[in-house]
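The values are calculated or read from the model by the stated rules, or taken from the named source; none is laboratory data. The structure displayed is predicted, hence computed values, not measured ones. Here Cβ is always computed from backbone atoms with ideal geometry, including for glycine, and neighbour counts include all displayed protein chains. Quick note on the areas: whole protein, heavy atoms, side chains included, nothing else; ligands and nucleic acids left out. Shrake-Rupley method; radii C 1.70, N 1.55, O 1.52, S 1.80 Å.
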Amino acid sequence: MTALTHALLEAHLLEPGSLDDVAPGEPLTLAVDQVTLDEDEAPLVLAAFGSLGLARARVGTLLVCAGRGAGPAAVADTPESSALRAAARRAGALVARPGPGGADALHRERLAAPGRLVVAAGPGAASGGAFGMLVVRAGEIETAAVLAGGALRLAKPDVLEVWLEAAPAPWVGGVDLALAMLARCGPRAAGAVLEFGGPGAQALAVADRIAAAWLLTSAGALAVVFPSDEGTRAWLRAQGREAEWRRLAGLSAEDEPGEVLDLAALEPQVAPLDAPAAARPVAHVAGLAVERVVLGPGVTAEELSRAARILAGRELAQGVELVVMPASRQVAESATACGALDLLVAAGARVAEGAVMAPGAAGAGLCCSLPGECAGGRARWYVASAECCAAACLAGVLVHPAGAGLAWEVPLAPERFANAEPWIAETGVEEEGAPACDFPAVLPQDGPVRGEVLLRLGPGVRGEELLPSGARLDPLRGRVGELAAHACEALDPGFAARARERGGGLVVAGAELGAGRLRAAAAPAL
């Protein structure tokens, strides 16, 4: 039987022939079913698309989220989000109302379905592979080309096939699976597709598949793929979208997977937030004092329910703070409907939105589904499952979650998720008129390039040095002409004015130019 990743890629090939005829690393030309844009990436993508003069995006479904918080504070409108929604509507997008959550969470709740190939703009985690989909992250300019009808050009990826044996213990889940895989094959997972199959994959709840996909892609995997089975069907039924389900089998017993993992023998894991491949069993680091615990912002309703069943009727240990950040409004409302959020608050949790800052004093923080860039300060941060986080809240130290008196038999998956509120924004007057696009035209270079050297840079210049980020410039995302005035200002405050005065020129830099998390707007701004 053909493995699922192979089948998904071959089903979306635009060039004649078989996927088997393409060598690893050679380019594939793929059709795209859906594109998702979060509020950070959407302005630049839509500006680049608008510069092409096309009326509508040429892709099956385009989802744009402007205002991704999951609570009342996210509902407040801004001129930037209003303009973003207007540009998205002109492109024919499904535009989310402010507040339902980020694009990854909203996509899996409203649009995810087995068999699709999805492009998500920018860096970050992608959990859609939990549903038998292939979700690939692409740069903002690449994504704009896809919206214009271009194919996704993707180097044929390495696929790491993982056979999962048996069912996990009740206190072991998707986070533990992801950390164990990173510890076992971290370098091989970087840039590869991890495909899970076997009886253990079917035994995993969909919430655990979401958690594993989220964490593995945030740690550098190109994508994560699980088969679509009866568990997938039940989850989509709870979303009111069972009609979109279809069975997609993955690895078979005859395949020769690269890794075999016995989930029955898997122990709860913990890892430094900035080095997830250094994961170890919780038992090896038990007793580590914990002063702050964060559940979110990628946490699901099921994970909140698991934490709540541990904390029900108990109080946080002295000196421990628990912060809950639901991944979406649906997660918050579903956790409220089943009583999980009330139980967490009764135990002493605080429900919050936005970035999470570390405690001022040196110590340790424990988190579940927290991006590394959200944690700061002098604290050491570790990532673990929701069960480990809840157990640490009670003990004040990191402990094995299989403690006495925990009600592991409580069912986790809701029979129905909260879907009552409309999630697509209503058409507004801001649609009228199209703003002037200041995205630069592409100039062909048909020979030697000559010009004055305006700036010389050393090796290892990071993306944020080419174009700073922060509250001052974030409102200009997508307005490349205005951003250009700030290009390289941290390196040479007079650079932009000099470049305009002299009609352009050259920047000389080392091979590591843009190292780190490169701002995609830096290139068109220059």
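Going through region 22-57 one residue at a time, which ones are among the aliphatic types (A, V, I, L, M) and part of a strand (DSSP E or B)? Quick ask: steps written out before the conclusion?
In the first step, residues of region 22-57 are kept if they are among the aliphatic types (A, V, I, L, M); the result is 22-23, 28, 30-32, 35, 37, 42, 44-48, 52, 54-55, 57.
Matches in region 22-57: LEU28, LEU30, VAL35, LEU37.
Among (1) in a loop (DSSP other than H, G, I, E, B); (2) open to solvent by 10 Å² or more (accessible area, probe 1.4 Å); (3) touching a helix residue (DSSP H, G or I) at 6+ places or on another chain (Cβ under 7 Å), which single condition is LEU160 missing?
The one condition LEU160 does not meet is (1).
For residues that are of a type in the set (A, V, I, L, M, F, W, C) and part of a loop (DSSP other than H, G, I, E, B), scanning just region 75-126, find the one that is farthest from ALA521 (Cα to Cα). First the steps, then the outcome.
As a first pass, look at region 75-126 and keep what is of a type in the set (A, V, I, L, M, F, W, C): 75-76, 83-84, 86-88, 91, 93-96, 103, 105-106, 111-113, 117-121, 125-126.
When the remaining residues are screened for being part of a loop (DSSP other than H, G, I, E, B), the result is 76, 91, 93, 111-113, 125-126.
On the way: ALA76: 26, ALA91: 20, ALA93: 22, LEU111: 28, ALA112: 29, ALA113: 32, ALA125: 20, ALA126: 22 Å.
Only one residue fits best here, namely ALA113.
Can you tell me which of ALA221, ALA211 is buried (at least 24 other Cβ atoms within 10 Å of the Cβ) and over 15 Å from GLY132 (Cα atoms)?
Numbers: ALA211 fails: over 15 Å from GLY132 (Cα atoms).
Only one candidate qualifies: ALA221.
Quick one: in region 342-355, of everything that is open to solvent by less than 70 Å² (accessible area, probe 1.4 Å) and under 18 Å from GLY99 (Cα atoms), which residue is modelled with the highest pLDDT?
Per the stated criteria, the residue is ALA352.
Evaluate the following for LEU236: is it outside any strand (DSSP E or B), touching a helix residue (DSSP H, G or I) at 6+ places or on another chain (Cβ under 9 Å), over 22 Å from ALA386 (Cα atoms) and of a type outside the set (Lys, Arg)? Give the steps one after another, and end with the answer.
On the way: outside any strand (DSSP E or B): yes; touching a helix residue (DSSP H, G or I) at 6+ places or on another chain (Cβ under 9 Å): yes; over 22 Å from ALA386 (Cα atoms): yes; of a type outside the set (Lys, Arg): yes.
So LEU236 passes the test.
From the list VAL293, VAL260, pick out the single residue that is β-branched (Val, Ile, Thr), under 19 Å from ASP176 (Cβ atoms) and under 25 Å from the mean Cα position of the chain (by Cα).
Values: VAL260 fails: under 25 Å from the mean Cα position of the chain (by Cα).
After ruling out the rest, the residue left standing is VAL293.
Confirm whether GLU195 is among the acidic types (Asp, Glu), touching a strand residue (DSSP E or B) at 6+ places or on another chain (Cβ under 9 Å) and open to solvent by less than 10 Å² (accessible area, probe 1.4 Å). Walk me through how you get there before you give the answer.
Numbers: among the acidic types (Asp, Glu): yes; touching a strand residue (DSSP E or B) at 6+ places or on another chain (Cβ under 9 Å): yes; open to solvent by less than 10 Å² (accessible area, probe 1.4 Å): yes.
Yes: the conditions hold for GLU195.
Based on what the data block shows, is LEU177 within 27 Å of PHE417 (Cα to Cα) and either in contact (Cβ under 8 Å) with a residue 60 or more places away in the chain or in contact with a Pro (Cβ under 9 Å, 6 or more places away or on another chain) (or both)? Step through it out loud before you land on a result.
Numbers: within 27 Å of PHE417 (Cα to Cα): yes; either in contact (Cβ under 8 Å) with a residue 60 or more places away in the chain or in contact with a Pro (Cβ under 9 Å, 6 or more places away or on another chain) (or both): yes.
Judged against the criteria, LEU177 is a match.
Quick one: count up the residues across region 165-176 that are within 24 Å of the chain's Cα centre (by Cα) and either open to solvent by 40 Å² or more (accessible area, probe 1.4 Å) or within 21 Å of ALA192 (Cβ to Cβ) (or both).
Narrowing region 165-176 to residues within 24 Å of the chain's Cα centre (by Cα): 172-176.
Now restrict to residues that are either open to solvent by 40 Å² or more (accessible area, probe 1.4 Å) or within 21 Å of ALA192 (Cβ to Cβ) (or both): 174-176.
Qualifying residue count, region 165-176: 3.
Enumerate the pairs (first residue in region 10-29 and without any contact (Cβ under 8 Å) to a residue 60 or more places away in the chain; second residue anywhere and part of a strand (DSSP E or B)) with beta-carbon separation below 9 Å, excluding pairs fewer than 6 apart on the same chain, so at least 6 apart or on different chains.
LEU13/LEU28; LEU13/THR29; LEU13/LEU30; GLU15/LEU28; GLU15/THR29
Could you please tell me which pairs satisfy a Cβ distance under 6 Å, a separation of 6+ or placement on different chains, a first residue in region 310-331 that is more than 12 Å from LEU394 (Cβ to Cβ), and a second residue that is of a type in the set (Asp, Glu) and open to solvent by less than 20 Å² (accessible area, probe 1.4 Å)?
Between residues of region 310-331 that are more than 12 Å from LEU394 (Cβ to Cβ) and residues that are of a type in the set (Asp, Glu) and open to solvent by less than 20 Å² (accessible area, probe 1.4 Å), the close pairs are GLN330/GLU109.
Taking the conditions exactly as written (modelled with pLDDT under 90 and either farther than 14 Å from VAL461 by Cα or assigned to a helix (DSSP H, G or I) (or both)), does ALA496 satisfy them or not?
On the way: modelled with pLDDT under 90: no; either farther than 14 Å from VAL461 by Cα or assigned to a helix (DSSP H, G or I) (or both): yes.
Taking the combined requirement at face value, the residue does not satisfy it.
I'd like to check something: does region 455-463 contain any residue that is in a loop (DSSP other than H, G, I, E, B), open to solvent by less than 40 Å² (accessible area, probe 1.4 Å), in contact with a helix residue (DSSP H, G or I) (Cβ under 9 Å, 6 or more places away or on another chain) and modelled with pLDDT of 85 or more?
Yes: one or more hits.
Residue-wise test of (1) open to solvent by less than 80 Å² (accessible area, probe 1.4 Å); (2) within 21 Å of VAL299 (Cβ to Cβ); (3) assigned to a strand (DSSP E or B); (4) at pLDDT below 80.
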{"residue": "CYS389", "(1), (2), (3), (4)": "yes, yes, no, no"}
{"residue": "VAL399", "(1), (2), (3), (4)": "yes, yes, no, no"}
{"residue": "TRP408", "(1), (2), (3), (4)": "yes, yes, no, yes"}
{"residue": "GLU415", "(1), (2), (3), (4)": "no, yes, no, yes"}
{"residue": "ASN419", "(1), (2), (3), (4)": "yes, yes, no, yes"}
{"residue": "PRO440", "(1), (2), (3), (4)": "yes, no, no, no"}
{"residue": "LEU443", "(1), (2), (3), (4)": "no, no, no, yes"}
{"residue": "GLU465", "(1), (2), (3), (4)": "yes, no, no, no"}
{"residue": "PRO475", "(1), (2), (3), (4)": "yes, no, no, no"}
